[in-house]
Amino acid sequence: MELQEIEKRARAMMPSLITQLEQLVALPSVAFPGYPSEPVHEMAATTLDMFREVGFTDARLMEVPTGYPPIYAEAPGPTGSPVVLLYAHYDVQPAPPEQGWTSDPWTATHKNGRIYGRGAADDKGGLVAHLGTMRVFDGAPPCTVKLVLEGMEETESNLEAFVGAHPDLFQCDVFVVCDMGNLTVGEPILTTALRGDVACVATVRTLEHPLHSGVFGGAAPDAMMTLARLLSSLHDAEGNVAVAGVSSGEWTGADMSADDFEASADLADGVRLTGTGSIGTRLWSRPSVSAIGIDMTPVATSSNVLIPEARAKISMRIVPGSDPVQELDALVAHLESHTPYGAQLDVQRTKEAPPFRCATDGPGYAAARVALEEAYGKPAAEAGSGGSIPLLRTLQQACPGAEFILWGPEDVAEARIHASDESVDPAEIEKMVVAQSRLLVHLTEGAALR
Ligand SMILES: [Zn+2]
């Protein structure tokens with residue numbers, strides 16, 4: 001199908017796609033423990049109906065030992081045509097009022113040309129882009145299209161185990177993960193690198209028991225200040241990670257302006273950015289270290305004593321191409337060699353999630369580049385993502401030959417995924433429908449040429 005025809009169809013279907021997005025946003029499909037299960041099941045059932053209607057006639061809820069079911073479907077193309085697997089997820093992050101929403105998160109709200117609501121972008125926007133892609137071809141795509149919609153992406157995912165149990169369902173030539181976005185609206189981006197994630201819990205012990213802070217303070221070390229010194233040694237004065245042996249590089253793809261980044265990060269008044277180098281380098285090709293939890297006496301029950309023991313959970317994002325075990329080794333070695341005053345240190349390793357890098361030299365990636373350029377009318381650039389998606393590695397292991405295309409309608413500058421006032425620009429959804437449709441066309445043509 002020609003580009004113009006696809007564009008015409010995508011434009012014509014947008015009002016009904018937006019209506020469907022509004023219906024989906026109205027279902028609080030939070031799969032986290034402790035949240036009601038009915039809306040998640042309703043979301044799964046509604047999604048299932050929508051995808052059956054657009055041509056995935058065999059769409060079904062898959063059986064899983066625990067949690068919410070993934071949706072699976074297959075629309076067979078001509079014999080011998082390439083196989084594309086479309087991925088998205090139907091669960092969403094919670095949207096507690098204390099996040100500071102300015103409109104009801106479960107009511108799709110049109111403002112400033114965007115649609116606000118929890119999941120409007122992540123990933124119900126991606127979901128309707130898949131609906132639109134099937135509708136472009138009236139339910140009969142030019143190649144075989146598989147569909148996998150996960151129900152627990154935002155929480156303890158059950159999909160990795162499901163992939164392990166049913167690798168046959170995941171055999172394909174190209175995975176299309178529509179759960180990403182451009183850096184800014186209208187500027188097409190393929191995400192090609194994702195950082196990994198390692199973590200440990202460091203416990204510092206300085207005293208056998210609490211001591212009077214007046215009688216002993218000044219000569220006996222308290223555990224919290226000792227831990228604070230240890231944590232501060234993880235960065236240099238400019239805020240760059242200062243852990244010897246941790247992998248680091250320079251980002252050479254598309255970059256984000258400091259202004260766009262600051263706007264999306266909502267820094268408190270007067271706060272400056274940390275680190276040096278381009279924003280892309282700081283986010284995608286260098287590590288970052290954060291203390292994500294601290295145990296010590298709470299302020300409310302504090303008294304004038306020196307604290308004997310304090311602990312912190314330390315999380316480190318690691319760069320594409322690095323090995324999580326080696327990176328965590330380096331972090332632990334740093335902690336062990338920088339603990340001041342001879343304090344006792346115990347380190348428990350809690351997480352070693354690998355980074356991910358997309359191959360960019362295959363026919364699927366080339367087709368995606370062309371498709372994205374056609375949809376946006378300008379060449380596509382490459383960006384990284386600071387977040388981690390462990391599922392990608394699992395899919396890669398299940399189907400080692402397949403290529404990965406990571407894109408979607410969640411623009412980084414404004415979509416505010418996981419935060420208050422999440423939103424999507426409907427024009428990005430429309431362009432993703434065009435891009436995905438053209439991708440199917442090019443893959444089919446490419447396969448015919450080979
Ligand atoms: Zn997502």
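Things worth noting here:
Per-residue answers, yes or no, for (1) in contact with a Cys (Cβ under 8 Å, 6 or more places away or on another chain); (2) modelled with pLDDT of 95 or more; (3) within 27 Å of Glu327 (Cβ to Cβ):
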position: Gly151; (1), (2), (3): no, yes, no
position: Val163; (1), (2), (3): no, yes, yes
position: Pro167; (1), (2), (3): yes, yes, no
position: Val174; (1), (2), (3): no, yes, no
position: Cys178; (1), (2), (3): no, yes, no
position: Ser232; (1), (2), (3): no, yes, yes
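- Pair list, Cβ < 6 Å and 6+ apart or interchain, from segment 302-325 residues that are over 14 Å from Gln348 (Cα atoms) and in contact (Cβ under 8 Å) with a residue 60 or more places away in the chain to residues that are aromatic (Phe, Trp, Tyr) and assigned to a helix (DSSP H, G or I): Leu306/Phe216
- Filter result (assigned to a loop (DSSP other than H, G, I, E, B), within 13 Å of the ligand (Cβ to nearest atom), within 21 Å of Lys146 (Cα to Cα) and at pLDDT 95 or above) within segment 380-422: Gly408, Pro409
- Qualifying positions in segment 301-316 - part of a strand (DSSP E or B) and either surrounded by 24 or more Cβ atoms within 10 Å (Cβ to Cβ) or hydrophobic (A, V, I, L, M, F, W, C) (or both): Val305, Leu306, Ala310, Ala312, Ile314, Met316
- Being aromatic (Phe, Trp, Tyr) and over 16 Å from the mean Cα position of the chain (by Cα) is a property that does not hold for Phe175.
- Extreme residue, farthest from Val25 (Cα to Cα), among residues of segment 75-98 that are away from the ligand (no atom under 16 Å from the Cβ) and crowded, with 16+ Cβ neighbours inside 10 Å: Ser81
- Evaluated against (1) free of Cβ contacts under 8 Å to residues at least 60 places away in the same chain; (2) closer than 27 Å to Leu439 by Cβ, Ser81 falls short on exactly one condition, (1).
The values are calculated or read from the model by the stated rules, or taken from the named source; none is laboratory data. Computed from a predicted structure; not experimentally measured. When we count neighbours, we look across all protein chains shown, and the Cβ atoms used for this are built from the backbone with ideal geometry, even at glycine.
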